[in-house]
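Chemist: Following this message is one structure expressed as structure tokens.
Please treat every number below as a calculation from the coordinates, not as lab data. The structure displayed is predicted, hence computed values, not measured ones. Every residue, glycine as well, gets a Cβ built from its backbone with ideal geometry; the counts of neighbours run over all protein chains shown.
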Amino acid sequence: MAALNSARRSERMRLWQDGIFVTAVWSVGILGFILPVSIVAFLFYRGAGAITWELLWQSPRSFPLGSSGGIRPAIEGSLALVFIGLVVALPLAVGGAIYLTEYTASDRLRRAMSFCGECLAGVPAIIYGLFGYSFLVVFLQMRFSLLAGGITLGLVMLPIILIGAYEALRAVEAKYREAALALGVSRLYAFRKNIWPKARAGVAAAVVLAGDHAFGSAAPVLLTASVIMSKGGLDLSSPVMTLPSHLYYLVSEASSLEQAYATALILVLLLLVANVSVLLIRSRQGR
Amino acid sequence: MTVPNADAKPFGRTASLLSPFRGWEDSPQEVFARLLFLLLLVTGVATLLLVLVMVAREASPALFTGTGLWGLLITDPWEPLSQPARLGVRHAWLSTLAVTGVALALAVPVGFGIGMFIAEIAPATIKKMLQPCLELLAGIPSVVYGFFGYVTLIPWFESAFEMATGESLLAAGLILAMMVLPFIASTSAEALGAVPRDVREAALALGVNHCSLTCRVLVRHAAPGLFAAVALGLARALGETLAVLMLAGNSVAVPGSLLDRGQPITALIITELGEAGVGSAKRQALFAAALVLMTVVIAINVVIGALKRRILHGGA
């Protein structure tokens, strides 16, 4: 009888335990929803009203910074930096990934390179900023400039795109390569006609994600390219305003909270656009 | 197809690296493409390695002269203006440690919970919705997190704890926890999901409930992956810059409690680098601090890489 009672008790204990466990896991799972949604909703709520035509199209005026005028030079500057970064990073990363998946038979090289890529993708962006500062800005005498910042952002993106493109190309089954080569076409032809169309979407997704990461990353830009205020106009050898650094300056000088909300919202909106386009790209590929 | 004579190749051993598939036609176009792609790969990786070398080179004088690494990390205070300048970064790495500790203390349990939720409990539709949410959380730029903390947490700290300024290591750590959460969550979900089916079925066949299955069986099998998740979060937290710069308060005093202001290594570098002349001892000290940070992060990544390989090869 005692044994039966204790068995019942432990049965009830286990039910309790399981109930608590499931509830706890559900609630942290829901927290995973609430956190991002509430951050984005908060920025929408406070920032949406501040985004006006004037803000998007005008240069900042007056002092302190951001108390009137717009952020157009910052938008232009960020876009130009990412563009230059992509010009640097895309050929190196995608070309390198193509070599690794299509041309080398050495598994050791492949493993070593993807390992290097993963390690380098983990290196904090500020380290790339320091390199840009000491090598490009000072040693090569580029000064704080669009070019130095663009190359630095290119380096930030390079390992991310390299890994993404490598994974996308590797995901194409070997049978397509083998079938094409068995028909006697050249490796380049097989790649162009058979492999690339299948891997394209995955590579594009990696590029969009890397580009967005670079767009929002302030540390490397603060060390190589950005100034508090510029009248607009882009020149490879002069510094630029960027959205993330603008947001940082606005907060650190406590000048215009309203413009800061708008800038933060624009950064997040861009992220949403990037994420949605990646989802679309992936779903198109899935078809 | 003509089979090229291996001896006729000019490169000897490298020839096998350049053209592993002997016997397919080496048209000039093919050779050009192959060399071009190889060149791109080598240039890319070499440039990235140059980053590491340059940072190490700039840092080396601070490591091998004066009080050296010991002085830099342990004994010296940060007094760049005293005569002679004393350039220790003890306050910075203590701050980094504090914010990272707070972040992981919060993000690891919650992240594991979300990982278990995704891997075990969530219905498929909710799983599908949760993943983009986590990607969103991972994608929000550091500076936006910093701003978000600045307008929400800091005023709240000021009223709740009656602090003069709400900027503190705790505030930075809280925001940092949100930033590393998605990385820990998705990596641990992956690790738990990768536990072989038969293990799961064997446990269920014994009649265990969700709790025992997850906490006793799956966690043991997924241990390397869960460890990798923590390591990834740690590496992310250590290198995070803008958010901690905006929230930790940027004070060079050695922090005594979590409610004190502090200055993590990354914040120290951004704040001081502009005023450090080329070749000055201060600049070398900043690069040395960065080198320490970089070495730690790369070491963590090497561990993660090793763990991942172990998971992929079925051991656990």
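Chemist: Per residue of segment A:86-99, in order, report the coupling 6.51 cos²θ - 1.76 cosθ + 1.60 (Karplus, θ = phi - 60°) as ³J(HN,Hα) in whole Hz, putting x for Gly and Pro.
Modeler: 5, 4, 6, 7, 4, x, 4, 6, 5, x, x, 5, 5, 4
Chemist: Then there is this: Run the quick spin-label model on B:Thr125 and B:Gln29: label points 7 Å from Cα toward the beta carbon, then report their separation in nm to one decimal.
Modeler: 5.2
Chemist: Hey, another quick one. Would you please give the residues with an amide H less than 5 Å from that of A:Arg61, counting only those at least 5 places away or on a separate chain, with H modeled from the backbone geometry?
Modeler: Here the answer is A:Gly66, A:Ser68, A:Gly69, A:Gly70, since their amide H atoms fall under 5 Å of that of A:Arg61.
Chemist: Using Cβ counts within 10 Å as a stand-in for footprinting exposure, how do A:Val268, A:Val221, B:Val199 rank, fewest first?
Modeler: B:Val199, A:Val268, A:Val221
Chemist: Here is a further query. At A:Leu181 and A:Trp196, where each label point lies 7 Å from the Cα along Cα→Cβ, what is the point-to-point distance in nanometres?
Modeler: For the pair A:Leu181/A:Trp196, the computed spacing is 1.9 nm.
Chemist: Still on this structure, I have one more. I want to verify the translational diffusion coefficient of segment B:86-312 in µm²/s; compute it with Stokes-Einstein, Rh as the Kirkwood radius over Cα pairs, at 25 °C and 0.890 mPa s.
Modeler: Calculated translational D: 130 µm²/s.
Chemist: Please compute the alpha carbon radius of gyration of the protein assembly as shown, then divide it by the globular-protein estimate 2.2 N^0.38 Å. Two decimals is fine.
Modeler: Scaled against compact globular proteins, the figure is 1.04.
Chemist: What ranking of B:Arg86, B:Arg220 emerges when the number of other C-beta atoms within 10 Å of each C-beta is taken as an exposure proxy, fewest first?
Modeler: B:Arg220, B:Arg86
Chemist: Continuing with the same structure: Return, ordered by residue number, the residues of segment A:235-263 whose backbone nitrogen is under 15 Å from a label point located 7 Å along Cα→Cβ of A:Thr52.
Modeler: A:257-263, by backbone N distance to the label point.
Chemist: Could I ask something else about it? Pop out the ³J(HN,Hα) list for segment A:199-208 in order, Karplus 6.51 cos²θ - 1.76 cosθ + 1.60 with θ = phi - 60°, rounded to Hz; leave Gly and Pro as x.
Modeler: For segment A:199-208, the Karplus curve yields 9, 3, 5, x, 4, 4, 4, 4, 5, 4 Hz.
Chemist: Then there is this: Evaluate the relative contact order of chain B (contact order divided by residue number), counting alpha-carbon pairs under 8 angstrom at least 6 apart; express in whole percent.
Modeler: Computed value for chain B: 23 percent relative contact order.
Chemist: Place +1 on the Cβ of every Lys and Arg and -1 on the Cβ of every Asp and Glu in the protein assembly as shown, take the dipole about the Cα centre, and give the residue among B:Ser82, A:Leu153, A:Gly202 whose Cα lies farthest towards its positive end.
Modeler: About the Cα centre, the residue reaching furthest to the positive side is A:Gly202.
Chemist: For the pair A:Ala2 and A:Phe44, what calculated FRET efficiency results from E = 1/(1 + (r/R0)^6), where r is the Cβ-Cβ distance and R0 = 51 Å, to the nearest 0.05?
Modeler: It comes out at approximately 0.25.
Chemist: Of the candidates B:Ile126, B:Ile269, B:Ile300, which one comes out as most mobile in a Gaussian network treatment of chain B with C-alpha springs shorter than 10 Å?
Modeler: Answer for the Gaussian network model of chain B: B:Ile126.
Chemist: What FRET efficiency comes out for A:Asp18 versus A:Ser106 if R0 is 45 angstrom and r is the Cβ-Cβ distance? Round to the nearest 0.05.
Modeler: Result of the calculation: an efficiency of 0.30.
Chemist: Neighbour counts of other C-beta atoms within 10 Å: give me A:Ser283, B:Ser251 arranged from fewest to most.
Modeler: So the ranking, lowest neighbour count to highest, is A:Ser283, B:Ser251.
Chemist: For a quick check: with amide H placed at 1.01 Å from N, whose amide H comes under 5 Å from B:Val252's, ignoring anything fewer than 5 positions away on the same chain?
Modeler: For B:Val252, whose amide H was placed from the backbone, there are no distant partners under 5 Å.
Chemist: Still on this structure: Could you identify which residue out of B:Arg34, B:Arg90, B:Arg57 has the top mean-square fluctuation in a GNM of chain B using Cα springs shorter than 10 Å?
Modeler: B:Arg34
Chemist: Take the alpha-carbon positions of segment A:56-286, form their convex hull, and give its projected area averaged over all directions (one quarter of the hull surface) in nm².
Modeler: Average of the hull's projected areas for segment A:56-286 equals 13.9 nm².
Chemist: Taking the Cα centre of segment B:86-312 as the origin, how large is its charge dipole in debye, to the nearest 20, when only Lys and Arg (+1) and Asp and Glu (-1) carry charge on their Cβ atoms?
Modeler: Charge dipole of segment B:86-312: 700 debye, to the nearest 20.
Chemist: Report the residue, chosen from B:Pro77, B:Pro224, B:Pro196, that carries the largest GNM mean-square fluctuation when chain B is represented by alpha-carbon nodes joined by springs under 10 Å.
Modeler: Greatest mean-square fluctuation among the candidates belongs to B:Pro196.
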